[in-house]
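Notes to accompany the following structure.
Coordinate-derived values only; no laboratory data. Owing to the predicted nature of the structure, the values given are computational and were not obtained by experimental measurement. Here Cβ is always computed from backbone atoms with ideal geometry, including for glycine, and neighbour counts include all displayed protein chains.
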Amino acid sequence: MNTSADSGQPVRIEQPAPDSVAERFHFLVNAPALFNAVVTALEWDLFGFLAKHPGASFDELNEFTGVPAHSLRVLLHAVCTTGLIERRADGTYHDAPAAEELLAPDGPDSWRHILTGWKEIYYPAFSRMSEALAAGTNTALAAHPGDEPTLYRRLSHNPELETVFHRSMSAFTLKSLDALVECEEFATVRHLLDVGGGDGTTSERLITRHPQLHSTVFDIPSVSELAASRTPAGEPDGRIRLHTGDLFTDPFPVGADAVLFSHVLEIFSGEQITELLAKAHAVLPSGGRVFIYGYNVSDDETRGWYSARLSLYLNVLASGKGMAYPARDYEDWIRRAGFTGVRTLTGYPYEHGLSIGTKP
């Protein structure tokens, strides 16, 4: 506050508006530490405890967690800076509304499962990003035992980590799955081939929503074992069948009138995607449809935080290629594979889109 030379009265100096990019920068450079603080709070179930005991004191949180008081103090400060936990004037702690919604629940679609997978598998690899991108291959894969070229196959050497991975994948799939399941395009499908269908989460939801639908989940053996362990109790009337094989070297199962690629094609290069779409075209009858569901980066490739994270993960660790492609790329590959009536439905959650083509 300055004073006017003429009147001696205070003069308010207008401050420039905050630079949102600069503010984001200061958050980003601290984000790795804060991310791990949030996951630690999840592992200690702080969000769940505060959901049941809003207004808990520090001593109550300390007694609940059983960790050293100083460690809890440090962690609570870190999480409070994110706004996910609030410390009120009376010293009590509360979940922020966003934390109450996103982090307190522990269901199959919980962010707890998602973030644990990112912490254990995704983010350790990003320390090798410069090396991997310069080499043009997924050099971070060296941290996982085996000689297979992709993370998905190497995880079979570590069943415990593979379970963490697929629990995380399934939870995030569920975040975007309702929109796919409600799509009326599936109302006329009788038999769906779910290529790379993982543990069967997507197929299970689709057949529950569409009573006429049967599904064949096609994936590698170690993943199909996970599907077999979870689908019998949850899938109605034997309407999910598991078929193991390699997406490229083994033929696709026949008999489906639609093929779904959900969260799978982004792993591969354009040439590989065209090859898989051609295999789908070969097993479909005339009028059969192909569906591609997944992340779509913006057309100008400048927006989409989730898409950016996925693309980096794929190239640094998972497969050494692929990305969250723009919808126009998928549409082009669908046409090259021989499909017509190609279009993309947009506006799905978490930067998703659904590209569709029909076999003439």
Surrounding charge for Ser176, neighbours by C-beta under 14 angstrom, Lys/Arg +1, Asp/Glu -1, total -3
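How much net charge surrounds Ala69 when only other residues with a Cβ under 13 Å from its Cβ are counted (Lys, Arg +1; Asp, Glu -1)?
Charge balance near Ala69 sits at -2.
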Near Lys279, which lysines are there with a Cα under 17 Å away, not counting those fewer than 8 places off in the same chain? Lys359
Given 37 °C and 0.692 mPa s, how large is the Stokes-Einstein diffusion coefficient of segment 20-102 in µm²/s, with Rh as the Kirkwood radius over Cα pairs? 250
Dipole of the chain [Lys/Arg +1, Asp/Glu -1 at C-beta], most positive-end residue of Thr201, Cys80, Gly107: Thr201
Between 0 and 90°, nearest 10: helix 270-283 axis offset from the chain longest Cα axis: 40
Value at 222 nm in deg cm²/dmol, rounded to 500, when DSSP H runs of n ≥ 4 in the chain each add -39,500 (n - 2.57): -12500 deg cm²/dmol
Point-charge dipole on Cβ atoms (K/R +1, D/E -1) for the chain, about Cα centre, debye to 20: 540
Give, rounded to the nearest 20 debye, the magnitude of the charge dipole that segment 235-297 has about its Cα centre when Lys and Arg contribute +1 at Cβ and Asp and Glu contribute -1 at Cβ. 180
Environment charge at Thr249 (Cβ cut-off 15 Å; Lys +1, Arg +1, Asp -1, Glu -1): -3
Placing unit charges on C-beta atoms (Lys and Arg positive, Asp and Glu negative, everything else neutral), compute the dipole magnitude of segment 20-102 about its Cα centre in debye, rounded to 20. 260
Where does the chain land on the Kirkwood hydrodynamic radius, alpha-carbon pairs, in angstrom? 22.8
Label His26 and Arg87 with points 7 Å out from Cα along Cα→Cβ: what is the distance between them in nm? 1.9
